[in-house]
Every structure is written in structure tokens, then in C-alpha cells.
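Below is one structure, written out as C-alpha cells; the observations come after it.
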Amino acid sequence: MRIESMSTAELQKLAADVAVELRRRALSRRCEWCGSSFVPKSAKGRFCSPRCRVAAHRNLLPGELTSRARWVRWSAAKVPLTVDGDPAKANDASTWTTYENAKASAAGVGVGFVLNGDGIACIDVDDCITDGAVDDRVWDLIDATEGVFMVEISPSGNGVHIWHHGAAGKGSRRLENGLKVERYSKGRYVTVTGRRLGNHG
């Protein structure tokens, strides 16, 4: 039916339907576990269903990270620390430890993993989560990255870490498709939250 031939009541209904659809699209976001689009019941909604919420909270860190004794603690200023609270270094294996020891330590505020060029790499995307909604371009970046085994939300709650298998290379920091992207594979530690985003791995 052409708009010109619609009655006032039909036009009003059409306008209302369009408004509802636009509102739905504006409020929709991606489920942090399965990646599907959904409209949350509250502004803080992160998962599309109870099943996804439970799966996200039960899933542990992947063995690609926990099996390697390359863990450190980190301070509120994101300075790497040993389990005793002393300064740690990304190029000094004597300052690293196992995941179990790092997790049990009370030094600093969290755990981190050291990249040493053995094929474990991380893409750090800053400022890509707004009011709990992940920028769609992040999902495109994840899909375009080979060997992804874990994606997590960064400590700030506004960024994402994409952990993947990748060849060692020089680190970089640049805009990619409008996103603030940092790529690292050696000579650096990365904070680890375990707050999974998506069911990778």
C-alpha cells in the first residue's frame, strides 16, 4: 500500500510501528557470551538468557594461558608485580610465576600474563564498550582474527582483550576501522580479568 493512499489511522499506526522498531534497534546489544543481538530488560543487561549468563560465569581461563608459568600480579597503576609485591619485568622470567601462585597472591589488584613471542598474542581494544554495549566493529575484528581462544573485558570495563594464536611481531598501536587497537605478542604483560566476552575457546 502506498503512503499516499493510507488513512490517518493507518499512518499513525505505521509511525508507531517505526518508532518501536527504531527504539528496539537503539536499545539492542550483543550478548557477551553467544554474541547474538537482544534487547536487555535493564540498562545493565549483559546476556540474552540465563543459560548464557551461567555459561559465562562458569567458564574458566583457557589452558593456553594457565598452563604457562608466565604470570604476574599488577598494581592499581598497572605496574607488573611479583607475588611478593616487588617489581616484575616482562623480560625477566625469574619474576614470573604459575597461574595458581599468582591467583593466590594478595599483591596488587589482579593477575596478568607475560607475552614472550611463543605464539600467544593479544589485541587490546580501548574505549569500545559504552553503557555495556560492545561496538559492532569489535565483533568484526574478532571474526577477522585467526586463532582466537578467549575474548575478555578489560579491567576498565570499557575495553576488550582478544587473546589468540599468532606469530611474534613488533607491537603496534593505531586506529583500525575507527577503533583504538593495540597488538602485542612479546616483551609485554597484559592484565587478565577472566570476564569472558563470547564463547571462544
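The values are calculated or read from the model by the stated rules, or taken from the named source; none is laboratory data. These figures come from a predicted structure and were not determined experimentally. Cβ sites come from the backbone with ideal geometry, for glycine too, and all protein chains shown count toward neighbours.
In the range 8-31, which residue that is charged (D, E, K, R) and farther than 13 Å from residue 131 by Cα is modelled with the highest pLDDT? My answer is 13.
Within the range 146-171, track down each residue that is of a type in the set (A, V, I, L, M) and buried (at least 18 other Cβ atoms within 10 Å of the Cβ). 148, 150, 151, 153, 160, 162, listed by residue number. Of the residues screened, residue 120 is not one that is closer than 24 Å to residue 37 by Cα, in contact with an Asp or Glu (Cβ under 9 Å, 6 or more places away or on another chain) and either of a type in the set (Lys, Arg) or in contact (Cβ under 8 Å) with a residue 12 or more places away in the chain (or both). Taking the range 172-186 as the range and being among the small types (Gly, Ala, Ser) and surrounded by 15 or more Cβ atoms within 10 Å (Cβ to Cβ) as the test, only 185 passes. From the list 111, 160, the lone residue that is over 30 Å from residue 38 (Cβ atoms) and in contact with a helix residue (DSSP H, G or I) (Cβ under 6 Å, 6 or more places away or on another chain) is 111.
Within the range 35-64, the set of residues being under 30 Å from residue 98 (Cα atoms) and either among the charged types (D, E, K, R) or modelled with pLDDT under 75 (or both) comprises 53, 55, 56, 57, 58, 59, 60, 64.
Can we say residue 108 is modelled with pLDDT of 95 or more and either buried (at least 22 other Cβ atoms within 10 Å of the Cβ) or of a type in the set (Asp, Glu) (or both)? The answer is yes for residue 108.
So in the range 135-164, with the set limited to residues that are in contact with a Phe, Trp or Tyr (Cβ under 7 Å, 6 or more places away or on another chain) and not aliphatic (A, V, I, L, M), which one is nearest to residue 112 (Cα to Cα)? So the residue we want is 163. Among the residues examined, residue 134 does not qualify as in contact (Cβ under 8 Å) with a residue 12 or more places away in the chain, closer than 25 Å to residue 28 by Cβ and in contact with a Gly (Cβ under 6 Å, 6 or more places away or on another chain).
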